[in-house]
Number of protein chains: 4
Amino acid sequence: MTNFVPTPTVPAPDIVRCAYMEIVVTDLARSREFYVDVLGLHVTEEDENNIYLRSLEEFIHHNLVLRKGPIAAVAACAYRVKSPAEVDAAEAYYKELGCRVERRKDGFTKGIGDSVRVEDPLGFPYEFFYDVEHVERLTQRYDLYSAGELVRLDHFNQVTPDVPRGRAYLEDLGFRVSEDIKDSDGVTYAAWMHRKQTVHDTALTGGNGPRMHHVAFATHEKHNIIQICDKMGALRISDRIERGPGRHGVSNAFYLYILDPDGHRIEIYTQDYYTGDPDNPTITWDVHDNQRRDWWGNPVVPSWYTEASLVLDLDGKPQPVIEREEKSEMAVTVGADGFSYTRPSETAGAEGFKLGAQL
Amino acid sequence: MTNFVPTPTVPAPDIVRCAYMEIVVTDLARSREFYVDVLGLHVTEEDENNIYLRSLEEFIHHNLVLRKGPIAAVAACAYRVKSPAEVDAAEAYYKELGCRVERRKDGFTKGIGDSVRVEDPLGFPYEFFYDVEHVERLTQRYDLYSAGELVRLDHFNQVTPDVPRGRAYLEDLGFRVSEDIKDSDGVTYAAWMHRKQTVHDTALTGGNGPRMHHVAFATHEKHNIIQICDKMGALRISDRIERGPGRHGVSNAFYLYILDPDGHRIEIYTQDYYTGDPDNPTITWDVHDNQRRDWWGNPVVPSWYTEASLVLDLDGKPQPVIEREEKSEMAVTVGADGFSYTRPSETAGAEGFKLGAQL
Amino acid sequence: MTNFVPTPTVPAPDIVRCAYMEIVVTDLARSREFYVDVLGLHVTEEDENNIYLRSLEEFIHHNLVLRKGPIAAVAACAYRVKSPAEVDAAEAYYKELGCRVERRKDGFTKGIGDSVRVEDPLGFPYEFFYDVEHVERLTQRYDLYSAGELVRLDHFNQVTPDVPRGRAYLEDLGFRVSEDIKDSDGVTYAAWMHRKQTVHDTALTGGNGPRMHHVAFATHEKHNIIQICDKMGALRISDRIERGPGRHGVSNAFYLYILDPDGHRIEIYTQDYYTGDPDNPTITWDVHDNQRRDWWGNPVVPSWYTEASLVLDLDGKPQPVIEREEKSEMAVTVGADGFSYTRPSETAGAEGFKLGAQL
Amino acid sequence: MTNFVPTPTVPAPDIVRCAYMEIVVTDLARSREFYVDVLGLHVTEEDENNIYLRSLEEFIHHNLVLRKGPIAAVAACAYRVKSPAEVDAAEAYYKELGCRVERRKDGFTKGIGDSVRVEDPLGFPYEFFYDVEHVERLTQRYDLYSAGELVRLDHFNQVTPDVPRGRAYLEDLGFRVSEDIKDSDGVTYAAWMHRKQTVHDTALTGGNGPRMHHVAFATHEKHNIIQICDKMGALRISDRIERGPGRHGVSNAFYLYILDPDGHRIEIYTQDYYTGDPDNPTITWDVHDNQRRDWWGNPVVPSWYTEASLVLDLDGKPQPVIEREEKSEMAVTVGADGFSYTRPSETAGAEGFKLGAQL
């Protein structure tokens, strides 16, 4: 039985959007090569231990902090809130939830002021802030525009054992579900949740957690994503292309998953859809629909289901990973015990399978 | 020891380009759906038993003939030659080779005049013609331009057991090699050969043959190919997407392989490079280079190596398939006995492998 | 002196986004050809006098209503509000403003319920509604995806004599300014204002008004817009391409302006930027900056400045057009009395002009 | 009466393709900025007085030589021939034509061996060579691939007073006409002529000459061209964008014309069509067809008709410019005395004109 997170009596903070992720990397120089030289993120500032990076169209100080540390992990998923008062609201909200909460008037990272970090009920290090240094928005700096340019931070994706529990908690926090994956027994395998008017600011992927599945950046067009693959081929690091490129069923976005030198997963993503209407229709996908994760039916590689980044508590120690008890999406869809269909009308055993798609 | 095809004393016919393929399909209506409704090829003419199709920028009668028949197979790979006299040259050339040759002044298909068909030394049904009906070139008919528009026939790809033998025969016929795949023992796994100024008009893939591996059509841009995948997803026939989309190592083209209702393989292909200079450099790829067939290191599905279409003799009977004796590319690159590397400098056993890429 | 619209004491309705425009066309069949056959908008419903059209990713009944009538004009610019109660709020708000207001529980067009229409202080027919019929969202219907597919309604653009007056009124109504065009004397020539998280839901263009300058639809990528031009060329209606394609300075979007059979102007638009943060920086452009309206310095054709559609009052009669008293953007930037520069640092008279750009 | 160039009795050299242009620039550093920093051409070699540049997919030493000199001009249009013997053929051919001919066994520029340069019958400095240094072909160096990457040299375009005379001379030289522009009086305004299998290796534009109209480089896709415009906007040199981007009627290519610091015109060009068949249909456009030069009917700026680069004789002195005697394309299509139509069926005076298109 799911043990739901209680709903606080104080109002949830008014979240604007996912804003940045702070990740710990074990070799700062190698990570700089990956994020700056390969992916072309723009350096706002850097020192011996930290690099502050932003995407082309960003006007706040950073979307990604690389921090040097002994263990590769995610130190924070930070959301921007609507006003300074909403930082207070966040603090009160998580205190009532009984979470560990830390408030820093000068922020946890450079460029950002008054913030609160929490160990949230799912075990993730969430941050909420409003005050931030504005920097040059590079939108029209086409002299800096690379062929695979990353233009916006799009979303986070978190691995958690109990998706309905996480979903209810995030709905309380003001997120709305755009899409989810279920089966006919009522098991939820994943859910996509948004504050800004896109398919998600974060998603919950059912699995052993808390772990961070990935952080995603958007490009303008599909060819920008293809160029990233082509460049990784040219640099002979194609083994760091984990999955894709492809078209998602869920979200309809064109996507690519790649791995940084520590194994942190980055998604490159473009062209999902507008979700800003209050009655935006929620789409539920059958877990056995072979087009749900890749609209072209291309197989999801096993590592994509099993690997993810550790997340840190507020002392900087990795959170222990709890096993998912419900069925795993990988198990029910691939291999001897799983099944997937291309055409839902077909009877089990006679579904259209992609040739060679079953690992 | 390879038993090479003798070099005739008469001159080879001057071939301009690959021009059309005639394929036998078992259900004409279903094939029409695939080639016309899904892929958007343009119907020049059709009757109860045949459909004559062309790509957008073609000005000759057809690039593909679908013919109704009992067994799915390829009936002809047709090349256009430079002048009517070259059809005579082709007839004389193959007669000297001792091949079975059939000349028809009125052609073998509608829209095409004086032609010669042969059972060539590799067992393939080759046709040579010059005389052809010109039809409306639809280049600027953007009112007919679909999102996944096929604009040109690009090439054939043939499966043959002995690639060096086939290569020498095609070089005698005037083809030049743009790229090939070999290993350090001198085994050739595949070769790409051209007359027009692109990477190939035909390629030889080492395997049990004679069989036809695929016929390829070109699009203008990469997004056109992505649209074909998206549309096949929308039509719930994504199980007919066999491999890709991806970027080839060989040819550098962006590609996709799909299967028609009979299992005939179609490649959609764009943006290879100019090969028209007489000293155009030949590129040789190591068979163990994991980026040779997909620049991003994505795995080649087994069916792509093993499946191909039967080809017909001049009586319309399938040619018997002879087994390849040399090593198979699939065996030496995947599975327990094969290996592939991402970075060639690495020692065997420590190569960069793509996660999940080994089936 | 600008006579500002008073700020009501009741709260402004909470607007979600621009949702649809109702336009009067004089020949319904010809307009259908343009919007359906040429532009590929999807017909939700149609009868003898009306056609209800939507873009690919829309889930509400329509984004555009074509209504047959004697005089080409715009009958309504409709906004969706956040809840049914916000329709009441809109009614109260405009009543306090002293505007003519009409409430219809069954809506003014098919597919839409309880709505209020007003003659707003600028003379425009604004509508506010929440209740609407949901229809199939065609996002993944790639079988229907044309090469120039329009995927979303993006914005309206209104011509009004006094831009600061209109801007203050719309700010009261909850719109925020993303960008504007001014000169060093403090004259405002245009302003872009948004509710959803893009550059605008509507813009104000200084000129004789009230008139409707255009309605804009978004595509996914730039090539989709190029295809619309190519198709209009193929149909030999390139004289209906009024301006572009080009890259806007303001908004950074890739754009095209075309004219329907009645001269209503349609913009096709893609890839502006995220504006959802509360402190999203406002960009002010100098009216003399030759890259403000076209980042490549291509000239704005005079008709674009001078022509626009009449708008109707609630009786269906055209609103009288009032002349702009302030300087006109066309006059100050082109011709003998105007000037524009490419490089702002240059002194007047020595600016970089585009060759041949001055009409 | 046109005084045609006599047809030599010796065979014409077998030309493969246009290969490089040598241009004289007055400020080498400024030109380097333009061609290397803005356009991203790749430097093969450079010294105090010369820069040798190539496009991404080129394997010969250079496609463009920038040479420092006192007067901006074109020093050579060089064609590659099929074998060393064809250089002899070129020498003999032009000697018989009575042209000034200079043979240099070590070539005229670095990287190129045995060559012949001539002052051809039209007054242009043509070069023919076979021997050339091969350099790294950067086709798959996606780590060097810029967002506006130029991948191939595509063609030259020459201004000459008497187009039929030039055309007959080039046909004798083995070029074939793919398209031309004429009027109903039989006046030829321009002709496109090819050796390689594209629309042209060179074109003749009727006007005062000999002058060089432009040299053109190809990109892979249309968005690459748009990026060049965007970058020139970002660098505030949009006044060097002379015309476009647009879709040509002739050639069907997507195009852009820009001006280097000396006013040499560069075209960026993509996606024309295959012309390799011996009976490739020639397309003749009516000079009054408003879609011939821009398929979207966008106006050709006057400078595009009137401005061009001087060409040098073999002593390095500018060739005198001879006036065109026949009607000018600009005069017959724009302004008070000219006319253009959008729909050919319309009677003169009632043609569809683009709003604002007539300068």
What spacing in nm lies between the two simple spin-label points modelled at B:D185 and C:S184, each 7 Å away from Cα in the Cβ direction?
-> 8.0
Total formal charge among the other residues, if their Cβ is under 10 angstrom from that of D:Q319, Lys/Arg +1 and Asp/Glu -1 | 0
If the convex hull is drawn through the Cα atoms of chain B, its volume per residue in Å³ | 139
When DSSP beta bridges are limited to those with both residues in the protein assembly as shown, what percentage is antiparallel, rounded to the nearest 5?
-> 70
Checked against the positive end of the charge dipole of chain C (+1 on Cβ of Lys and Arg, -1 on Cβ of Asp and Glu, about the Cα centre), the farthest of C:V287, C:G166, C:V36 is C:V36
Cut-off under 5 Å, modelled amide H: who pairs with D:V81 long-range | D:V16, D:F129, D:Y130
Each label sits 7 Å from Cα toward the beta-carbon; between B:S328 and C:L144 the label points are separated, in nm, by 4.5
For segment C:178-274, size of Cβ-based charge dipole, Lys and Arg +1, Asp and Glu -1, in debye | 200
Calculate, for B:R100 and D:V10, the FRET efficiency according to 1/(1 + (r/R0)^6) with r their C-beta to C-beta distance and R0 51 Å; round to the nearest 0.05.
-> 0.70
Whose amide H sits under 5 Å from the amide H of B:W285, counting only residues 5 or more places off or on another chain, with H placed in the peptide plane?
-> B:D180, B:I181, B:K182
Taking a ≥ b ≥ c as the square roots of the eigenvalues of the Cα gyration tensor of segment D:216-338, is the shape rounded (a/c under 1.5), prolate (a/b larger than b/c) or oblate?
-> rounded
Out of B:A308, B:P261, B:G335 - ranked by how far each Cα lies towards the positive end of the dipole of segment B:208-359, with unit charges on the beta-carbon of charged residues - the top one is B:P261
Mean separation of Cα contacts under 8 Å, 6 or more apart, over the residue count of chain C: relative contact order % | 17
Report relative contact order for segment D:137-272 in percent, whole number only (criteria: Cα-Cα under 8 Å, sequence separation at least 6).
-> 25
Putting +1 on Lys and Arg Cβ atoms and -1 on Asp and Glu Cβ atoms, find which of C:I228, C:Q319, C:T198 reaches farthest to the positive end of the dipole of segment C:195-353.
-> C:I228
Dipole size in debye (nearest 20) for the protein assembly as shown around its Cα centre, Lys and Arg Cβ +1, Asp and Glu Cβ -1?
-> 0
Considering only chain B, percent of DSSP beta bridges that pair antiparallel, nearest 5 | 70
Could you pull the copy-to-copy label distances for C:R141, with points set 7 Å along Cα to Cβ, in nm to one decimal and sorted shortest first?
-> 2.6, 4.3, 4.9
How much length is gained on full extension from A:V36 to A:K317, taking 0.36 nm per residue of separation minus their Cα-Cα distance?
-> 98.4 nm
If we sort A:316-323, D:77-84, B:309-316 on the protection proxy, mean other Cβ atoms within 10 Å, highest first, what's the order?
-> D:77-84, B:309-316, A:316-323
At 222 nm, what helix-only mean residue ellipticity would chain D give, in deg cm²/dmol to the nearest 500, using -39500 (n - 2.57) for each DSSP H run of four or more?
-> -4000 deg cm²/dmol
Amide hydrogen neighbours beyond the local backbone of D:H214, cut-off 5 Å, H modeled = D:N157
So what's the net charge close to B:P70: Lys and Arg +1, Asp and Glu -1, counting the other residues with Cβ under 12 Å from its Cβ?
-> +1
Of all DSSP beta bridges having both residues in segment C:163-319, the percent classed as antiparallel (nearest 5) is 75
Partner chain Cβ atoms within 10 Å, averaged over the residues of C:278-285 - can you pull that number for me?
-> 3
In Hz, Karplus ³J(HN,Hα) per residue of segment D:31-36 (6.51, -1.76, 1.60; θ = phi - 60°; x = Gly, Pro) | 5, 4, 4, 5, 7, 9
Net length gained if the chain between B:V43 and B:A29 were fully extended (0.36 nm per residue, minus Cα distance) | 3.7 nm
Work out the mean other chain Cβ neighbour count within 10 Å for the residues of A:136-143 and drop it here as an integer.
-> 6
Average Cα contact separation per residue, segment A:206-359, under 8 Å, 6 or more apart, as relative contact order % = 27
About its Cα centre, segment A:1-121 carries a charge dipole, from +1 on Lys and Arg Cβ atoms and -1 on Asp and Glu Cβ atoms, whose size in debye to the nearest 20 is 160
At 7 Å along the Cα-to-beta-carbon direction for both D:K110 and A:I71, put a label point, then send me their distance in nm to one decimal.
-> 5.6
Cβ neighbours within 10 Å from other chains - mean over D:238-251 = 5
Footprinting proxy, D:V101, B:V300: sorted fewest to most Cβ within 10 Å, the residues are D:V101, B:V300
The summed charge of the B:V151 Cβ neighbourhood (under 12 Å; Lys/Arg +1, Asp/Glu -1) stands at -2
Under 27 Å Cα-Cα from A:K231, which lysines qualify once same-chain neighbours fewer than 8 residues away are excluded?
-> A:K68, A:K222, B:K182, B:K222, B:K354, C:K222, D:K222, D:K231
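No lab work stands behind these numbers, since they all come straight from the coordinates. Computed from a predicted structure; not experimentally measured. Note: ideal-geometry Cβ built from the backbone for every residue, glycine included; neighbour counts use all protein chains shown.
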